[in-house]
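Undergrad: Once you've had a glance at the structure underneath, I'll fire off some questions.
The values are calculated or read from the model by the stated rules, or taken from the named source; none is laboratory data. The structure displayed is predicted, hence computed values, not measured ones. Note: ideal-geometry Cβ built from the backbone for every residue, glycine included; neighbour counts use all protein chains shown. Just the protein is used for accessible areas: all its heavy atoms, side chains included, with ligands, DNA and RNA removed. Shrake-Rupley method; radii C 1.70, N 1.55, O 1.52, S 1.80 Å.
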Amino acid sequence: MKISMTTLELAEIFGHNKTIDIFSDAGFDAVDFSFYRSNYSTDSVPDSYFTELRKYTESKGLVFNQAHAPFPSSYPEEKKTEAAFVQITNSLRKASLLGIPHIVVHPCKHLEYDDDGIPEKLFEMNMKFYKSLIPYCEEYGIKVALENMWHRTRGVSHSTCSRPEEFVKYLKGLSSDCFVGCLDIGHTELVKEKSDDFIRYMGNENLKCLHVHDVDGICDSHTLPYLGVINWEKVMKALAQIDYKGDLTFEAGMFFMKKPPELLPSYAKLMAETGKFLRARFEYYRTNN
């Protein structure tokens, strides 16, 4: 089980090579590349950038274990949706250059989920969307990970794949080895789902990767575990019970926000140490269930 973190927040300050240095010095095992909120999924960044970054990362004893495609995946306007699709498929190709096995691609969710008939309509829309990615997955040798979502219209509420039954329905509906599940632990808490029950329902046949972060139960805080309301002991026990085979990938960039740049390497080290502690709890429950 590798301990990993997203590149976005530190790379925007230090660039990728310095971010890799910080992660290596902090004790991380792997890196999650962020293709969103940047131009890395466009043709303005050459392929050589990613092949050289992979070499540099591996020279520091790390690997790229995961990525996140640009989002949203869909818009009310057809032209914007078409443009988003191009960036998503570009990110699949570029992620493959980094040697990444899984890339998270958000489901289409631009419709009001709570309205009558919308969950069913979104299901059909997403089946078409994800299946259109299969040729790219096969060409680039990469799997797409679906993620559980939430939305805020009348307060925080459920959205696409935010219930375990619907998440598994999506994966079964796609019926392809090109797709896996990425459970965002913070998102489960926002919509008042119990993360441990969600994990057990999905099982290791569906759950292959994670977004690890904590929330206050009100906002999508994306902060360090133990700074919010999530019961991490229950989470790690549930992961052990299903014999989870994936990594612990932090998506906790808000923990770095509003901190002096000089302190960020120390905050990264604390995050890595927290990941190692969680991994130790996972190993404890694997042998003491």
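Undergrad: Does Gly99 satisfy the criteria of being outside any helix (DSSP H, G or I), open to solvent by less than 50 Å² (accessible area, probe 1.4 Å), touching a residue at least 24 places away in the same chain (Cβ under 8 Å) and on the phi > 0 side of the Ramachandran plot?
TA: When the stated conditions are applied, Gly99 passes them.
Undergrad: Same structure, new question: Does the stretch 20-47 hold any residues that are of a type outside the set (Val, Ile, Thr), surrounded by 22 or more Cβ atoms within 10 Å (Cβ to Cβ) and part of a helix (DSSP H, G or I), and which are they?
TA: Phe23 - this is the single residue of the stretch 20-47 that is of a type outside the set (Val, Ile, Thr), surrounded by 22 or more Cβ atoms within 10 Å (Cβ to Cβ) and part of a helix (DSSP H, G or I).
Undergrad: Considering only the stretch 150-169, I want to know if a residue exists there that is over 26 Å from Ile218 (Cα atoms) and either at pLDDT 95 or above or not charged (D, E, K, R) (or both).
TA: yes
Undergrad: Report yes if some residue within the stretch 105-116 is open to solvent by 10 Å² or more (accessible area, probe 1.4 Å), within 16 Å of the chain's Cα centre (by Cα), under 30 Å from Glu193 (Cα atoms) and touching a residue at least 60 places away in the same chain (Cβ under 8 Å); otherwise report no.
TA: No, the conditions are met nowhere in the stretch 105-116.
Undergrad: I would also like to ask the following. Considering only residues that are in contact with a Phe, Trp or Tyr (Cβ under 7 Å, 6 or more places away or on another chain), open to solvent by less than 10 Å² (accessible area, probe 1.4 Å) and of a type in the set (Phe, Trp, Tyr), which ones fall in the stretch 226-245?
TA: Trp232
Undergrad: Could I ask something else about it? Filter the stretch 48-85 down to the residues that are in contact (Cβ under 8 Å) with a residue 12 or more places away in the chain, outside any strand (DSSP E or B) and aromatic (Phe, Trp, Tyr), then identify the one that is surrounded by the most Cβ atoms within 10 Å (Cβ to Cβ).
TA: Phe50
Undergrad: May I pose another question? Only one of Asp177, Asp220, Asp214 is under 20 Å from Val156 (Cα atoms) and surrounded by fewer than 21 Cβ atoms within 10 Å (Cβ to Cβ). Can you tell me which?
TA: Answer to the selection: Asp220.
Undergrad: Here's something else I'd like to know. Restricting to the stretch 246-289, name every residue that is open to solvent by 80 Å² or more (accessible area, probe 1.4 Å), in a loop (DSSP other than H, G, I, E, B) and free of Cβ contacts under 8 Å to residues at least 60 places away in the same chain.
TA: Hits for the stretch 246-289 are Lys258, Asn288, Asn289.
Undergrad: Please work out which one of (1) surrounded by 14 or more Cβ atoms within 10 Å (Cβ to Cβ); (2) touching a helix residue (DSSP H, G or I) at 6+ places or on another chain (Cβ under 8 Å); (3) without any contact (Cβ under 8 Å) to a residue 60 or more places away in the chain is the condition Thr6 fails and give its number.
TA: (3)
Undergrad: What's the total number of residues in the stretch 117-137 that are touching a residue at least 40 places away in the same chain (Cβ under 8 Å) and more than 12 Å from Phe85 (Cα to Cα)?
TA: Counting residues in the stretch 117-137 that are touching a residue at least 40 places away in the same chain (Cβ under 8 Å) and more than 12 Å from Phe85 (Cα to Cα) gives 8.
Undergrad: Might you let me know whether the stretch 128-151 holds any residue that is open to solvent by 10 Å² or more (accessible area, probe 1.4 Å), β-branched (Val, Ile, Thr) and either within 24 Å of Asn90 (Cα to Cα) or in contact with a Cys (Cβ under 6 Å, 6 or more places away or on another chain) (or both)?
TA: Checked the stretch 128-151: at least one residue is open to solvent by 10 Å² or more (accessible area, probe 1.4 Å), β-branched (Val, Ile, Thr) and either within 24 Å of Asn90 (Cα to Cα) or in contact with a Cys (Cβ under 6 Å, 6 or more places away or on another chain) (or both).
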